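Working notes, beginning with the structure itself.
Read-outs throughout are calculated quantities, based only on the coordinates presented, and are distinct from any laboratory measurement. In this text, all values refer to a predicted model and were calculated from it rather than measured experimentally. Glycine also receives a Cβ, built like all others from the backbone with ideal geometry; neighbour counts cover every protein chain displayed.
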Amino acid sequence: MSKKSSYKSYNKSGTYDGYRVQTHFDKRGHLREVGVEKDSGAAASAPAIAALIDHTLLKPESTAEQIEQLCAEAAQYHFGAVCVNSCWAALAAQKLAGTPVKVGATIGFPWGTASTAAKVAETRQAIADGAREVDMVLAYGKLKSGDYAAVAEDIREVVRLAHKHDVLVKVILETSMLTQDEKVTACLLARQAGADFVKTSTGFQGGGATAEDIALMRAVVGPDLGVKASGGVRSLADAKKMIAAGATRIGTSAGIKIVQEAEGEVPSAPSGESGY
């Protein structure tokens with residue numbers, strides 16, 4: 001019997017805009033193989049891509065002027081949301097008032113090491129300031145310590161508050177810091193705690209989104225939770241690869257470039273582009 005056939009594996013597949021991904025997992029959810037195919041006749045849809053993008057600026061040195069520019073760009077290009085550090089949620093909400101662009105604020109960013117009470121307080125303030133989504137960083141140090149109850153409670157308390165206000169919660173796993181088993185566990189804990197999304201990365205710990213991690217996360221959380229690819233998604237090809245693997249949201253500072261590529265334009269250099 002070959003090595004491949006010795007695994008008690010199962011298959012997952014998905015399609016998006018002419019792309020098809022086929023993934024093979026063993027019984028523990030470990031990714032064994034992933035393939036992405038493209039229909040050469042399929043055209044990219046700029047509006048569809050734009051609606052999935054969280055236009056992102058999370059550098060700690062970001063200024064009010066840069067946040068205002070980010071919001072103007074999000075409105076112009078019809079991005080689904082902006083993602084900013086929570087101290088900028090009020091300004092972003094003010095600048096995006098009257099537009100369909102949502103404001104997303106980070107919680108416990110970028111290390112996930114704040115106490116649960118601090119994360120809840122930050123969430124409460126971000127919601128009061130106008131955030132309609134929060135991207136909270138998993139307490140991955142506690143996950144790696146095996147303190148799963150603390151990790152689950154951390155997520156659950158943020159979810160409880162956010163959902164009272166119809167605010168979505170995305171849980172950032174920081175996949176570059178986790179083993180395969182820890183990624184699976186983190187996804188399961190986030191799902192059981194009631195999160196709306198699992199998300200790959202902060203962009204501050206190296207690594208970033210990979211099609212393999214997205215496919216694994218999608219397989220673990222199933223079809224009902226969102227999966228957000230963030231970190232290193234800088235081109236239309238990158239974005240479509242992540243979507244094909246199961247992502248339903250893209251966090252990037254290169255959103256303008258991606259939309260311009262989808263429209264067939266020569267992309268301009270993204271302002272403030274970072275590793276995110």
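Close contacts from region 177-205, counting a first residue that is more than 17 Å from Ala152 (Cβ to Cβ) and a second that is aliphatic (A, V, I, L, M) and assigned to a helix (DSSP H, G or I), with Cβ to Cβ under 6 Å and a gap of 6+ residues or different chains, come to Gln205/Met177.
For region 65-87, a residue qualifies if it is touching a Leu at 6+ places or on another chain (Cβ under 8 Å) and crowded, with 24+ Cβ neighbours inside 10 Å, and the qualifying residues are Leu70, Cys71, Ala74, Val82, Cys83, Val84. Among all residues of region 156-169, there is at least one that is outside any helix (DSSP H, G or I) and either touching a Gly at 6+ places or on another chain (Cβ under 6 Å) or crowded, with 21+ Cβ neighbours inside 10 Å (or both). Listed conditions (1) assigned to a helix (DSSP H, G or I); (2) crowded, with 21+ Cβ neighbours inside 10 Å are all met by Gly104, apart from (1).
Within region 86-100, being of a type in the set (A, V, I, L, M) and without any contact (Cβ under 8 Å) to a residue 40 or more places away in the chain holds for Leu91, Ala92, Ala93, Leu96, Ala97.
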